[in-house]
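Structure first, then comments.
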Amino acid sequence: APGSARRAPATAAPTRLPPVAELTPTALPLAKAPPAALTVATKWTEAWARHPAGTTPQSWVGGLMPYTTPEYLGVLTTVDPANVPATKVTGPARAVQVSPSSVRVDVPTDALTLVVLVVNTGPVGGDQWRVAGYDRAEPGR
């Protein structure tokens with residue numbers, strides 16, 4: 001159409017961003033692990049290991065609910081409690097990695113040691129700890 005000549009886009013000079021400091025998680029001494037986080041890890045593992053014969057997945061997840069983040073609860077609904085090898089916690093929870101808003105905790109059971117990730121779901125410095133994941137500890141740790 002007449003009068004609608006296309007203009008070449010103006011080329012802007014590249015924007016220079018200031019250097020970004022390398023992100024390194026803040027690690028705290030293991031002794032700084034909040035007692036409430038260790039308690040939640042223990043109570044969660046006790047509920048994880050509680051699955052008498054005939055326990056339905058819904059009933060099992062219901063026992064984990066008070067100690068679990070809503071996001072992770074959705075993942076746990078896919079677990080068959082009959083596949084959980086442990087039946088009880090056999091020792092105290094032990095922090096293995098501590099940061100201001102999360103703690104990795106080893107919790108020994110009669111079948112294996114779990115590494116439980118506990119996160120603070122409330123304000124920093126608060127005590128609203130919930131489990132956001134778990135894995136088996138590497139043997140010999």
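The values are calculated or read from the model by the stated rules, or taken from the named source; none is laboratory data. Just so you know, these numbers come straight off a predicted model, no measurement behind them. Heads up, the Cβs are rebuilt from the backbone with ideal geometry, glycines too, and the neighbour counts pull from every protein chain shown. The accessibility values were calculated without ligands, DNA or RNA, using every heavy atom of the protein model including side chains. Shrake-Rupley method; radii C 1.70, N 1.55, O 1.52, S 1.80 Å.
Working only within region 90-126, note down all residues that are more than 14 Å from Pro35 (Cα to Cα) and touching a Pro at 6+ places or on another chain (Cβ under 7 Å).
Scanning region 90-126 gives Thr90, Gly91, Ala111, Leu112, Val124.
From the residues in region 27-39 that are open to solvent by less than 80 Å² (accessible area, probe 1.4 Å) and of a type outside the set (A, V, I, L, M), which one is modelled with the highest pLDDT?
Thr39
Would it be correct to say that Arg104 is under 11 Å from Ala41 (Cα atoms), surrounded by 15 or more Cβ atoms within 10 Å (Cβ to Cβ), of a type outside the set (Ser, Thr, Tyr) and without any contact (Cβ under 8 Å) to a residue 24 or more places away in the chain?
Taking the combined requirement at face value, the residue satisfies it.
Could you check, for region 82-100, whether at least one of its residues is open to solvent by 80 Å² or more (accessible area, probe 1.4 Å), within 15 Å of Thr121 (Cα to Cα) and more than 13 Å from the chain's Cα centre (by Cα)?
Scanning region 82-100 turns up no residue that is open to solvent by 80 Å² or more (accessible area, probe 1.4 Å), within 15 Å of Thr121 (Cα to Cα) and more than 13 Å from the chain's Cα centre (by Cα).
Just one of the numbered conditions (1) closer than 23 Å to Thr26 by Cα; (2) open to solvent by 70 Å² or more (accessible area, probe 1.4 Å); (3) touching a Leu at 6+ places or on another chain (Cβ under 9 Å); (4) modelled with pLDDT under 95 is not true of Arg136; which one?
So the condition that Arg136 fails would be (1).
Which of the following residues is out of contact with any helix residue (DSSP H, G or I) (no Cβ under 6 Å at 6 or more places or on another chain) and either modelled with pLDDT of 95 or more or polar (S, T, N, Q) (or both): Val119, Val131?
Val119
For region 106-135, which positions are in contact with a strand residue (DSSP E or B) (Cβ under 7 Å, 6 or more places away or on another chain), among the charged types (D, E, K, R) and within 15 Å of Thr90 (Cα to Cα)?
Asp106
Cβ-Cβ under 8 Å, sequence separation 6+ or interchain: first residue in region 56-70 and under 14 Å from Gln128 (Cα atoms), partner open to solvent by less than 30 Å² (accessible area, probe 1.4 Å) and assigned to a helix (DSSP H, G or I). Which pairs?
Once the first residue is under 14 Å from Gln128 (Cα atoms) and sits in region 56-70, its partners that are open to solvent by less than 30 Å² (accessible area, probe 1.4 Å) and assigned to a helix (DSSP H, G or I) give Met65/Leu73; Tyr67/Val40; Tyr67/Trp44; Tyr67/Ala47; Thr68/Trp44; Thr68/Leu76.
Are there any pairs, at least 6 apart or on different chains, whose C-beta atoms fall under 7 Å, with the first in region 10-37 and within 29 Å of Pro123 (Cβ to Cβ) and the second modelled with pLDDT under 85 and among the hydrophobic types (A, V, I, L, M, F, W, C), and if so, which?
Hits for this filter: zero, empty list.
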